[in-house]
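Just so it is clear, none of the values below were taken in a lab; they were calculated from the coordinates. Keep in mind it's a predicted model, so treat the numbers as computed, not measured. Note: ideal-geometry Cβ built from the backbone for every residue, glycine included; neighbour counts use all protein chains shown.
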Amino acid sequence: MSELILAIEDEEPVREAIVAALESCGYQVITAADGEEGLELLRAEDPDLIVLDLMLPRIGGMDVCSLIREHSDVPIVMLTGLSAEDDRVEGLTRGADDYITKPFRARELGARVRAVLRRSTHWSSEERELLEVGDLSIHAEAREVRLAGRLIELTPKEFDLLEYLARNAGHVAERERILERVWGEDEYIDPRTLDVHIRWLREKLEEDPSKPRRLLTARGRGYMLVEA
Ligand code: CA
């Protein structure tokens, strides 16, 4: 399920740019035109992250940030037209998690939001990021894999593939879905790449890679990770 972002910004064109930028990254976005409406939406909708403009009518962004922090540790990315170092420091000490200067690029905003969300998941719910399939444990945030407690070295793609299979453990992951999720849908990829990576994973995870007990083939469909 995609994360919900609350954008608090009074200028409509900027608000629309934020919505477009974040929706194109796959986030759900709700908006507020001022701090009061933003605080109401924070209570009502419980967003995963807030993009907060510094220059807001009535209650300024810094004060909104302080008010949010009285009740919530939701990650905040501050948006500001000012670039003075003082404001950055003040914003961060008042509880914002990151800061981005206007005019911003859609791609930059998306990247900041993603990075802040990743950090906050790590801090607040580390255990959710530990996937266990039998004696195989995958720590998504640390990108660490252990088999019966022993650390297994994987390449980044091998890790992504194993993580995807682990999130679907006990169910067949269809080839097309795996290619789309692990390699990306817009990239040309030889479908055999998947089989090659599966073979490499089996060499690292199976006692006998030719008779896999964890990483099974669902003939004509895809692959399935199970408890050995
Ligand atoms: Ca503004």
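Key figures for this structure:
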{"item": "Average projection area in nm² (convex hull over Cα atoms of the range 147-200, one quarter of hull surface)", "result": "4.2"}
{"item": "Within the chain: Cβ-based charge dipole about Cα centre, in debye rounded to nearest 20 (Lys, Arg +1; Asp, Glu -1)", "result": "1280"}
{"item": "Reachable aspartates and glutamates from residue 211, criterion Cα separation under 12 angstrom, eight or more residues apart if same chain", "result": "203"}
{"item": "Tilt relative to the chain, helix 61-71 - C-alpha long axis, 0 to 90 degrees, to 10", "result": "60"}
{"item": "Sequence ranges 52-58, 70-76, 191-197, ranked by mean other-Cβ count within 10 angstrom, highest first", "result": "52-58, 70-76, 191-197"}
{"item": "With Cα atoms, 0 to 90° folded angle of helix 156-167 axis to the chain main axis", "result": "90"}
{"item": "Overall dimensions of the range 125-225 by Cα: Rg and Dmax, Å", "result": "13.0, 37"}
{"item": "Ordering of 45-51, 25-31 by packing [mean C-beta count within 10 Å, highest first]", "result": "45-51, 25-31"}
{"item": "Proximal lysines to residue 157, defined as alpha-carbon separation beneath 22 angstrom and excluding residues fewer than eight positions away on the same chain", "result": "204"}
{"item": "Label-point separation, residue 143 to residue 40 (7 Å along Cα→Cβ), nm", "result": "4.4"}
{"item": "For the range 125-225, size of Cβ-based charge dipole, Lys and Arg +1, Asp and Glu -1, in debye", "result": "500"}
{"item": "Descending semi-axes in Å of the chain, equivalent ellipsoid built from Cα gyration tensor", "result": "42, 18, 15"}
{"item": "Sites residue 196 and residue 227, calculated FRET efficiency, Cβ-Cβ separation with R0 35 Å, nearest 0.05", "result": "0.90"}
